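The values are calculated or read from the model by the stated rules, or taken from the named source; none is laboratory data. This is a predicted model, so every value here is computed, not measured. We place every Cβ from the backbone using ideal geometry, glycine too, and count neighbours over all the protein chains shown. With ligands, DNA and RNA removed, areas are computed over all heavy atoms of the protein, side chains included. Shrake-Rupley method; radii C 1.70, N 1.55, O 1.52, S 1.80 Å.
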Amino acid sequence: MSRQSVAKAHQKIQELSWEPQYHQPVSHYGTDYTFRKAAKKDPLKQVLRSYFPMQEEKDHRVYGAQDGAIRGNMFRQVQERWLEWQKLFLSIIPLPEISAARAMPLLFRTVPNPELHNGQAIQMIDEVRHSTIQQNLKRLYMNNYIDPAGFNSSLRNFQNDYCGTIGRQFAEGFITGDAITAASIYLTIVAETAFTNTLFVAMPAEAAANGDYLLPTVFHSVQSDESRHISNGYATLLMALSDESNHQLLERDLRYAWWNNHAVVDAAIGTFIEYGTKDRRKDRESYAEMWRRWIYDDYYRSYLVPLEKYGLVIPHDLIEEAWNRIWNKGYVHEVAQFFATGWLANYWRIDPMTDKDFEWFEYKYPGWYDRYGKWWENYNRLSKPNGHHPIVAEDVDYVYPHRCWTCMVPCLIREDMVMDEVDGQWRTYCSEPCHWTDATAFRPTYQGRETPNMGQLIGKREWETLYHGWNWADIVSDMGYVRDDGKTMVAQPHLDLDDPKKMWTLDHLRRMPPVQSPNVVLNEMTDAERQAFAADYVRQGPAGRPAPAES
Amino acid sequence: MTTTPVSPSTGRSVPKPAFTDAEAGAREFPDSGNRRFTYFNPAKRKQSHYEDVTVEVQPDPRHYLSQGWLYGFADGTGGYPLEWTALKAWGSDRPEPERFPGSGGKGYDWPAHGWHEFRDPNEEWELTLYRYNSNVVRQVNQNVENARQAKAFEQWNPNWTRFVERNIGAWMHVDHGLGLYLYANAQRRAPTNMHNNAISVNSMHRIRAAQDLALYNLTLSDVVPGFDGSAHLEAWDSDPAWQGVREVAEQLTGIWDWAEAVFAGNVVFEPLVGELFRSQLVQQVAPRNGDFVTPTVVGAAEYDFAERDLRYTTAMFDLLTTDREYADHNKATMRAWLSAWVPRAIRAARALQPLWSQTDAKPPRFEDSLDAAKSRFAGIVTDLHLDVPKLS
């Protein structure tokens with residue numbers, strides 16, 4: 001900025017907005033919220049004359065670091081275990097970012113405060129920045145990392161992979177349904193304010209420990225924008241709170257958004273950080289410890305709880321239950337085990353855990369070995385083709401799980417599984433809050449109140465349905481997870497690239513039994529069979545073990 | 001036992017670097033040399049950097065999105081429906097692949113329909129947009145600062161000062177309103193990431209141009225004696241000369257169809273009203289009234305439109321008027337849009353006529369200015385393979 005102070009300049013640009021005299025802007029999006037009181041100031045106080053050079057300077061630092069990484073042969077020190085998981089993460093994240101850009105106009109008509117629209121427009125272009133800078137990072141990995149497979153097919157694979165589909169909620173939830181539910185509560189109040197801390201701060205720190213300092217370079221630059229977006233959400237939230245008729249909807253949306261973000265983000269990022277690292281120093285924080293610090297203390301206790309006095313009903317029970325799932329019910333470990341079980345339906349390689357990893361897990365999560373150790377030993381034993389099937393088709397004391405209709409992470413904490421007939425279809429849910437989200441929250445009425453703008457859960461939400469009765473080799477071909485020799489799979493349950501005989505091919509999959517969709521099978525059962533199935537399922541686990549024989 | 005690496009000099013626990021040899025080319029195996037994104041066809045022989053960071057980020061159920069959209073609006077619509085515009089690209093009427101138990105997940109071969117063939121000729125992504133706009137704001141800032149230090153504003157006569165405070169000031173409302181409620185709004189609605197990113201960059205050009213003018217106004221309030229920094233509000237709210245522009249600007253923000261909004265904004269309104277005001281009036285009359293600064297500020301916005309926003313717009317609509325399946329349908333639709341929007345724009349342009357006589361040193365005749373704008377507009381329309389409508 002020249003001699004004009006930012007505050008003075010910002011005050012001046014408030015003169016730009018005007019109230020329509022002749023025609024109203026188009027209203028594309030609806031909300032059941034009302035905003036009648038308490039106009040808030042634009043919290044960003046960002047003027048484009050200083051914004052553009054600031055972002056350009058940040059770019060200089062990012063691209064300078066990328067040049068330095070290549071010149072300094074960073075990839076000679078990158079851990080493959082870590083970078084393989086980036087094939088999943090960097091295939092997911094550009095879509096949520098660009099969806100956040102697309103979400104901003106949902107707020108223009110629904111939050112009638114022109115001063116806030118300035119901040120939302122800047123957030124829009126920030127998100128374009130994030131999406132393309134992350135695509136560019138992936139491109140750099142593809143060009144410079146030893147194994148480009150999975151990076152090179154990234155956006156095809158992400159769109160049809162069961163893990164990608166879980167992650168896609170973190171984008172689609174921003175851009176559809178009730179405008180405030182989507183673009184404000186789900187996106188800015190929960191996703192950005194709570195979970196970008198683990199996404200963009202905790203995870204890059206782990207990347208650096210695994211020899212990759214480009215992920216922190218890019219994502220800390222991204223995170224420096226997120227802190228501004230959090231202010232956008234806060235201002236809108238305070239406006240919403242000032243109207244008491246919104247409180248019921250805020251309570252609903254905070255419950256849905258919190259639980260869905262927990263289910264999706266903790267599943268993915270928890271797995272990357274705990275199972276993608278080679279750094280097993282005992283004094284490095286576990287994901288649970290990071291979560292306690294970044295989410296429980298910084299978000300829940302410092303950000304959410306103080307809002308209680310303004311009338312916000314905080315889902316204390318769900319926050320405690322999320323922690324309970326992470327700490328006592330092994331949520332992250334169950335997810336990592338499932339991702340590894342389904343390695344053949346993915347597009348990255350998953351390294352087996354070693355004794356050193358076992359020791360770290362036992363130290364950080366006492367009792368881990370008794371639950372998961374044996375299974376990971378089996379994973380290691382079955383990682384190279386040697387006349388056996390991939391682990392999913394071998395008897396390793398693991399029952400293939402049903403999928404949660406809402407969050408699409410399987411029902412891995414078996415005792416929490418809920419089964420219900422909703423919209424004429426029998427569905428399974430990983431937990432009661434996910435059941436409530438589908439059966440109660442995403443409906444045109446809520447607790448007797450008309451909510452005509454609330455969105456819907458749509459789509460073919462169980463991946464296995466599409467491939468019911470298919471051979472695994474045909475599935476992997478159909479999804480395009482095959483390398484350029486036409487037979488070797490992109491995914492492998494190990495990191496060994498030295499000997500082609502150690503790599504799994506379509507021929508190995510051809511011998512496997514066909515895939516059965518759990519949901520299709522569930523709906524084909526008689527009522528009595530279904531009740532027996534549910535009674536058995538909730539007795540299964542941990543670590544996917546079959547229910548013990550009844551005594 | 002696991003040992004924690006400890007720095008010998010400080011005793012701190014630090015991660016231990018390891019030589020992994022995980023760089024490209026270290027070993028040969030299937031796919032080891034396959035270092036390009038394989039899920040789309042480039043527009044030219046080789047994939048561009050812009051394509052790599054843009055194409056297919058926004059998915060399409062007709063390609064790879066086998067489970068479909070997962071979240072919908074209240075009516076069950078999800079994602080980016082092609083029906084959000086009346087225009088069609090080849091393949092638009094192909095149904096989304098049906099999914100059912102055992103259907104598999106394969107969609108149509110890429111690109112499935114013609115919308116995915118659009119590429120922004122400006123190749124805008126984050127690196128380009130920040131470089132470009134940073135250069136603009138730096139240059140504008142330097143121009144204004146230099147003028148202030150050179151006491152250039154002392155040459156202004158009172159009538160020119162009134163002209164700037166009212167009319168240059170009024171235009172910033174157009175830029176701001178369209179930037180937010182037309183362009184930023186439209187970038188949620190087009191069917192591909194290539195369209196929506198180009199439109200979002202267009203949006204930032206307009207919002208930045210509005211702020212450039214507002215901050216220029218702030219400087220002038222400080223340095224030009226008698227400059228009324230709030231006069232633009234009265235001009236925009238009630239000056240009859242500006243009410244035609246205001247009415248059309250508001251009407252533009254009310255368009256439901258995203259492509260019609262961009263078409264009406266960039267093919268009709270900008271050449272007939274925006275360029276008329278900026279190039280045919282301000283740029284012509286300012287030097288004659290001793291002002292060499294205002295044209296540099298306004299000229300930045302003119303360059304945004306003429307060299308970048310119009311460029312992507314032309315490429316976008318040219319694909320549709322030459323579409324192998326729907327060219328006639330699209331041309332008929334655009335003809336209807338021209339019929340609706342050209343008279344409104346011409347009315348707004350004519351309402352501005354009093355501005356041509358407000359300054360001491362006069363610009364070219366209004367009719368000559370309008371003719372130049374019409375000629376420019378006719379050229380753009382012809383380039384899009386459309387007939388030039390009656391321009392009375």
Find the Cα radius of gyration of the stretch A:303-400, compare it with 2.2 N^0.38 Å by division, and give the number to two decimals.
-> 1.46
Run the 1.4 Å probe and let me know the accessible area of A:Phe174, rounded to the nearest 10 Å².
-> 10
Using only the alpha carbon atoms of the stretch B:151-191, find the Kirkwood hydrodynamic radius as the inverse mean reciprocal pair distance, in angstroms to one decimal.
-> 12.5
For chain A, what is the relative contact order in percent, using Cα pairs closer than 8 Å and at least 6 residues apart in sequence?
-> 16
Kindly report, to the nearest 10 Å², the accessible surface of B:Glu247 as traced by a 1.4 Å probe over protein heavy atoms only.
-> 70
Pick out, in residue order, every one of the GluC sites (Glu not before Pro) in the stretch B:60-152 that is DSSP loop and has at most 14 other C-beta atoms within 10 Å; say none if there are none.
-> B:Glu98
In bins 20 Å wide, starting from 0, what share of all Cα pairs of chain A does each bin hold, as a percent?
-> 21, 54, 23, 2, 0
Give the Debye-formula value of log10 I(q)/I(0) at each listed q (0.14, 0.29 Å⁻¹), with one equal scatterer per alpha carbon of the stretch A:487-551, two decimals each.
-> -0.71, -1.21
Based on the inverse mean of 1/r over its pairs of different Cα atoms, what is the Kirkwood hydrodynamic radius of the protein assembly as shown, in Å?
-> 29.5
How much accessible area per residue does chain A have, in Å², with a 1.4 Å probe?
-> 31
Apply the Kirkwood formula to the stretch B:62-160: the hydrodynamic radius equals the inverse of the mean of 1/r over all pairs of different alpha-carbon atoms; give it in Å with one decimal.
-> 19.0
Buried accessible area, chains B and A (both chains, 1.4 Å probe, Å² to nearest 100) = 11200
Per 5 Å bin, what percent of the C-alpha pairs of the stretch B:126-383 does each bin hold, from zero upward?
-> 1, 6, 13, 18, 20, 16, 12, 7, 4, 2, 1, 0, 0
Give the accessible surface of the stretch B:86-145 per residue, rounded to a whole number of Å², with probe radius 1.4 Å and ligands, DNA and RNA excluded.
-> 40
Pairs of alpha carbons in the stretch A:292-339 whose separation is greater than 16 Å (percent) | 49
Convert each backbone phi in the stretch A:462-477 into a coupling constant with the Karplus relation 6.51 cos²θ - 1.76 cosθ + 1.60 (shift: θ = phi - 60°), then list the ³J(HN,Hα) values in order as whole Hz, x for Gly and Pro.
-> 10, 4, 4, 3, 5, 10, 4, x, 8, 7, 4, 4, 5, 5, 5, 5
The stretch A:52-153 - convex hull of alpha carbons, volume per residue in Å³ | 98
Given the options B:Arg35, B:Arg166, B:Arg189, which has the most mean-square fluctuation in a GNM of chain B, springs set between C-alpha atoms less than 10 angstrom apart?
-> B:Arg35
From the Cα centre of the stretch B:57-129 to that of the stretch A:167-192, the distance in Å is 20
Largest first, how would A:Arg510, B:Arg347 line up by accessible area (1.4 Å probe)?
-> B:Arg347, A:Arg510
Relative to the compact globular guide of 2.2 N^0.38 Å, what is the alpha carbon radius of gyration of the stretch B:278-317, as a ratio?
-> 1.40
Relative contact order (%) - criterion: Cα under 8 Å, at least six apart; region: the stretch A:462-522 = 53
If you find the alpha carbon centre of the stretch A:396-474 and of the stretch B:201-270, how far apart are they in angstrom?
-> 49
The ³J(HN,Hα) series, computed from each phi in the stretch B:191-199 with the Karplus coefficients 6.51, -1.76 and 1.60 at θ = phi - 60°, rounded to the nearest Hz and given as x for glycine or proline, is x, 10, 5, 5, 5, 5, 5, 4, 5
List every residue whose amide H lies under 5 Å from the amide H of A:Tyr446, counting only residues 5 or more places away in sequence or on a different chain, with H placed 1.01 Å from N in the peptide plane.
-> A:Thr451
Quick one: Cα convex hull volume of the stretch B:326-392, Å³ per residue?
-> 71
Mean shadow area of the stretch A:373-464, taken as a quarter of the surface of its Cα convex hull (nm²) | 8.0
Just the number, please: carbon plus sulfur as a percent of the accessible area of the protein assembly as shown, 1.4 Å probe, no ligands or DNA/RNA counted.
-> 49
Mind listing which trypsin sites (Lys or Arg not before Pro) in the stretch B:295-335 are in a DSSP loop and have 14 or fewer other Cβ atoms within 10 Å?
-> B:Arg324
Taking chain B and dividing mean pair separation by its residue count, relative contact order in percent (alpha carbons under 8 Å, at least six apart) = 19
Using the eigenvalues of the Cα gyration tensor, what equivalent ellipsoid semi-axes result for the stretch B:57-117 when each is taken as the square root of five times the eigenvalue, whole Å, largest first?
-> 18, 16, 10
Divide by every residue of chain B the summed helix terms, -39500 (n - 2.57) for each DSSP H run of at least 4, and state the resulting mean residue ellipticity at 222 nm, rounded to the nearest 500 deg cm²/dmol.
-> -14500 deg cm²/dmol
For the stretch B:75-128, listing trypsin sites (Lys or Arg not before Pro) in a DSSP loop whose Cβ sees at most 10 other Cβ atoms within 10 Å gives none
